Amino acid sequence: MPATDYQASFLGRISIRRNQVIAMDGNHEQELQDLELFSKHVSERFAELLSSPDDVPFDALLSISWLRKLLDFFLCCEAEFKGILMMGNDPSQISKPPLDRLIPEFLDRSVKALDVCNAVTNGLESVRHYQKLAEIVVSALEQKPIGDGQSRRAKKTLTSLISAMNVDDKECSAAKATERSWSFSRRGVSSKDRVPEHFRSVSNHVAKNWSAAKQIQAMTNNLVPPRGAEGSGLASPVYTMSVIMVFVMWALVAAIPCQERNGLSAIHFPAPKQLNWAQSIIGLHEKIGEEWKKKEKKGTAGLLDEMQKMEKLGNILMDFTDSFQFHGDITDQKAEEAAAHAAELAEPCRRMEEGLLPLQMQIREVFHRIVKTRTELLNALDQVGKSSPPLL
Amino acid sequence: MDECQSAIPAHDGDLHVVAAAHHIVKALGTTKNLSDDLRKILIDLDAHLSLITSNIDSKGGKGFVEVEERLKRVERKIVIWESDRIMIWDSGPKEVSDYLEAVDEVQTLIDSLRGLSMNENQKQKELLHRASSLLQMAMSRLEEELIHMLVKHKQQSEPTYMPSPSSQRNVVYSESVVSLDNESAKEASSKSSRSDECGEYIVDLVPEHVIPDIKSIAKVMFASDYGQEFCEAFIGVRKEALEQHFDILENGKLSIEDVLKMEWCSLSTEMNKWTWSMKIIFRVYLMSEKRLCDQVLGEFGSVNSFCFLEIAKTTILCLLNFGEAIAMGPQEPEKLLRLLDMYETLADLVLDIDALFSEDGGSFVRLEFHKLLEGLADSVKAAFNTFRVAVSSNGSLYPFPGGGVHPLSKYVMNYISMFPDYSSTLNLLLEDQHSDVASLVSEPQCGPTASLSTSCPMACHLRSITSSLESNLHKKSKLYKDEALQHIFLMNNLHYMVQKVKGSELRPFFGDEWIRKHNAKFQQHEMNYERVTWSSVVLLLKDDNPGSSSLSKSAFKEKCKGFSIAFEEVYKNQTSWCIPDPQLREDLRISTSLKVVHAYRTFLGRNPAHVDDKCIKHTVEDVEKLLLDLFEGSPRSLRNSRRMMKT
């Protein structure tokens, strides 16, 4: 995996830099170099993410592999950030202004990010369900010849799939709240139109009024670029890391089904364009935000590339099965087209099969990393002898 | 047609071979002890051969007549249910077996039609489509039957055979050490029995008699390549059922942010609920769910573990997240016992979790819970340390009134008296911090009294905590201006500690040596008290001139007055002091009495000539009686009692 290589080289850089520290005089100069390097890496990493070609399906924006790369970069940035904040520097700095204010705010943001991680982990369970439904569609339509039975089978599952994916977040929790029971009265429904019961609601893992969008909005509270003299000190990496954290969580929520995402596109990143490292993040934010706005009105499960493909192909195949039922039969050409679309649908299924679990585990890794850094920062604050208790 | 027939023998001789083969197959089919697989093969073969025969017979176009007939027959059997409002499985075993047979037949026909070489035979194609449609109709129906069955037989009852959370160790320490000063700490009447649950509590999540029905559906659906549909439907219902069970356990759906902001009282309740839910969910529901998955899906390869994981995952994530939130929270001392409960519960379950999720897909779950266990272990250690720090650093600005047992002593001793319940866990977790503490503990246990229980890590930690407590009490005693009260305070508190150790399961961890030493300590304070308070008073009665037989009247009067004033002063002061333990109070009074009353009596006895009411304010009997008022914690003055005595 490219990211592992990246990490390795990153560690290598750290050791080189340690040697330099010994060779060099002046802590401040070193600090400045570290900061410069940090923002350089941030801008390189996000530029790479921004330049992901849309046409290459594997690395497309918001595809599973793209998200995994994003999380890898997050972990790299985080490691570097922690290094700057906690190694080599005078530890008492974190208890002095402006860090005495910025660090607790950062920790507060971290806790919110943890809840987002959990919500997304939960959302991936829905994605897994979509995958399983899509696989049924594929296996129904890859049979030859495609007849009425296959078409009906596909249609039934497609109905479940499309309605599951189109359920917007609010309905999701409402469906759960009204305790969607498996209807006993289904025998009353005319048998031809019986709605298949593949639909599975997203389980709430937190209170019903929890909102992913509000959570991320709250993460941007107090998030302002450091000004004046602060800009050259440790306030700047804290700010940078905060922006990265907010962006990563925002992107995850946009991509993966999540509880309550109303207003997600309205979240504004206070990242000024003149900051070099921020440009790619702003670019990504704009790009994904546009996508989100397009989908928001219709209600969508999320912008995950594989899911979008699934949705698109699902709709095409749905039309196919509709026309099949209408005409009773189809031309060979139509059948071939359908088979081709089914084969195309198998692709995102395959990528989900390979990528969802690793993605889920990676989100857990991010979770644990955030917890670890938080604990270390709290301990450091404690050691410095700050008498007032931490915010959280 | 030609292509079709190219695969089919056309000569009479061949026809005979086919007929013979058909005959053999039919004969074999009547054999009783056939495996299901073999029977299926024979049925398929039978269908195939009859198809060939019919093709040969008809020599062309109308060759599928028999197939069509068969298809029509099963079509009727399947379609008839489509308009029926009653579920097949609710109708009776005959209906069920007829339906299943019909589905089997459709599948057989499809297999046979597919088995023929690909061709342009319109009839064959049409029949295949019809059969597939029929199969889809039947599968859709079976799925519906399955969901209906699962929902109808979802067992809603709560398992009653596991101890309920209320019977667990339930003492909620709502106070914290830090906010303790001069507040009365409730004596924790703890020692609720420790629920000792072991063994498994597998229940029938679906009544046993329904399992064969579910399995029969699974079988035909898997045989017809509709296994995925079966799994999704099965997962859907079972997942929801598990979530309902989880909801019944009343776990608050809390975000990490919620947990970190929670008041200790509610948090303690939530922690208890978690401990309880973990046991129920894993020991009862997941164990049972796993069994159900194995029963229903065991014969279809690895789908059972896949389905189980899908059913369990969201509920598990909920439990996991609360655990994580607790493990990352600030570890205040009052959390220690709850954390120990959580740790022990998970430590106890972790092997079960490994077994439940032994497959590759479950490695995620296994890994996360192992991580959580580590996190909880760290939390226990951290809470233990903050407890220790809190014990030694708990400060007071004002002396504790009356010199009685300080709330800190009560809190600490009651709190640690629960530790023996957790001794094996604490020994394990405190092991690595053992050496530092062992050297700190002042009393080395040596000789014949040293035993395993007094030298284990927990014992050392316990003694280090009580020694922190002792030094803190010494600090607190210095707040009293009156030296005698300092001794009373230390005596009271040390005595309390000894009593707590002697009267609880703490005893083996402290050992007789510790008890002896601490007995001696409080007795020393008792003696010091007597010396400081009474020596000077008794001294007043001392014979200045041992040579002469008696004192002059004025000297006697002077001494009497001095004694009275000193005695009244002590009385006024020390009636407000407090010795809560009746035995200790009694002992101290007796020994005081012995000393003071004896000296007074001797003094009066030596000067019989001067003894009269005028100069003796208090008789020996008065003094004896008044001494009983000391240490009752209610201030009195002798002016009142004097008046009372006169009237």
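The values are calculated or read from the model by the stated rules, or taken from the named source; none is laboratory data. Bear in mind that the values here come from a model prediction, so they are computed numbers and not experimental data. We place every Cβ from the backbone using ideal geometry, glycine too, and count neighbours over all the protein chains shown.
The table below gives the values:
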{"read-out": "B:I416 under 29 Å from A:C258 (Cα atoms) and buried (at least 17 other Cβ atoms within 10 Å of the Cβ)", "value": "no"}
{"read-out": "Hits in region A:263-288 (condition: touching a Lys or Arg at 6+ places or on another chain (Cβ under 7 Å) and under 22 Å from A:N118 (Cα atoms))", "value": "A:S265"}
{"read-out": "Checking A:D90 against (1) modelled with pLDDT of 95 or more; (2) farther than 30 Å from A:W210 by Cα, the condition it does not meet", "value": "(1)"}
{"read-out": "Of the criteria (1) in contact with a Phe, Trp or Tyr (Cβ under 7 Å, 6 or more places away or on another chain); (2) more than 14 Å from chain A (Cβ to nearest Cβ); (3) at pLDDT below 90, which one B:D213 fails", "value": "(3)"}
{"read-out": "Scan of region A:271-304 for residues that are hydroxyl-bearing (S, T, Y) and modelled with pLDDT of 80 or more, ordered by number", "value": "A:S280"}
{"read-out": "Test: residue in region B:284-307 that is part of a helix (DSSP H, G or I), facing chain A (nearest Cβ under 8 Å) and either farther than 27 Å from B:A138 by Cβ or in contact with a Leu (Cβ under 8 Å, 6 or more places away or on another chain) (or both)", "value": "no"}
{"read-out": "Conditions (1) outside any helix (DSSP H, G or I); (2) within 14 Å of chain B (Cβ to nearest Cβ); (3) polar (S, T, N, Q); number of the one not met by A:Q274", "value": "(2)"}
{"read-out": "Every residue from region A:139-169 that is farther than 20 Å from B:A131 by Cα, surrounded by 21 or more Cβ atoms within 10 Å (Cβ to Cβ) and either within 12 Å of another protein chain (Cβ to nearest Cβ) or touching a Pro at 6+ places or on another chain (Cβ under 8 Å) (or both)", "value": "A:S160, A:L161, A:D169"}
{"read-out": "In region B:70-88, the residues that are out of contact with any Leu (no Cβ under 9 Å at 6 or more places or on another chain) and more than 12 Å from chain A (Cβ to nearest Cβ)", "value": "B:K72, B:R73, B:R76, B:K77"}
{"read-out": "Residue in region B:248-263 that is nearest to the other protein chains (Cβ to nearest Cβ), counting only those that are more than 22 Å from A:A113 (Cβ to Cβ) and touching a helix residue (DSSP H, G or I) at 6+ places or on another chain (Cβ under 6 Å)", "value": "B:N251"}
{"read-out": "Close pairs from region B:84-96: first surrounded by fewer than 12 Cβ atoms within 10 Å (Cβ to Cβ), partner in a helix (DSSP H, G or I), Cβ under 6 Å, at least 6 apart", "value": "B:R85/A:R187"}
{"read-out": "Scan of region B:84-137 for residues that are outside any helix (DSSP H, G or I) and of a type in the set (V, I, T), ordered by number", "value": "B:I86"}
{"read-out": "Residue count, region A:379-391 (criterion: out of contact with any Ser or Thr (no Cβ under 9 Å at 6 or more places or on another chain) and at pLDDT below 80)", "value": "5"}
{"read-out": "Tally, over region B:69-83, of residues that are over 11 Å from B:V106 (Cα atoms) and over 60 Å from the mean Cα position of the chain (by Cα)", "value": "1"}
{"read-out": "Selection within region B:494-541 - crowded, with 21+ Cβ neighbours inside 10 Å, more than 33 Å from the chain's Cα centre (by Cα) and aliphatic (A, V, I, L, M)", "value": "B:L494"}
{"read-out": "Given (1) surrounded by 20 or more Cβ atoms within 10 Å (Cβ to Cβ); (2) more than 14 Å from chain A (Cβ to nearest Cβ), index of the condition B:H245 fails", "value": "(2)"}
{"read-out": "Unique residue being within 14 Å of another protein chain (Cβ to nearest Cβ) and either at pLDDT 95 or above or more than 30 Å from A:F73 (Cβ to Cβ) (or both) when the list is A:E376, A:E365, A:E336", "value": "A:E365"}
